[in-house]
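Below is one structure, written out as structure tokens; the observations come after it.
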Amino acid sequence: MAYDCPSLKKNMERCNCSADGCPRKGNCCECLHYHLSNRQLPACAFTNDIEKTYDRSFERFAKMVLG
């Protein structure tokens, strides 16, 4: 992790990431940077059932919101 997040505790209460051991969990800035650099969105952009598939691609997000 690049830096300590002052909002980590608050973020953890609402983070729906199901990736066990993720070093970015609850650190939204690091999470967003990581996923965007991989053409993905973070878990919080998806419903829980879709998030658990680990397909966090832009294409999957578009499919989710467009139906």
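The table below lists the values:
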quantity: Check on E13, surrounded by 15 or more Cβ atoms within 10 Å (Cβ to Cβ), among the charged types (D, E, K, R), part of a helix (DSSP H, G or I) and free of Cβ contacts under 8 Å to residues at least 40 places away in the same chain; calculated: no
quantity: Residue satisfying condition, being farther than 28 Å from G67 by Cα, among the small types (G, A, S) and loosely packed, with under 11 Cβ neighbours inside 10 Å, within set G21, G26; calculated: G21
quantity: Residue tally, condition touching a Pro at 6+ places or on another chain (Cβ under 8 Å) and more than 18 Å from C5 (Cβ to Cβ), over region 17-65; calculated: 1
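None of the figures in this text is laboratory data; all of them are computed from the coordinates on show. Owing to the predicted nature of the structure, the values given are computational and were not obtained by experimental measurement. Quick reminder, even Gly has a Cβ in these numbers, built from the backbone with ideal geometry, and neighbours come from all protein chains shown.
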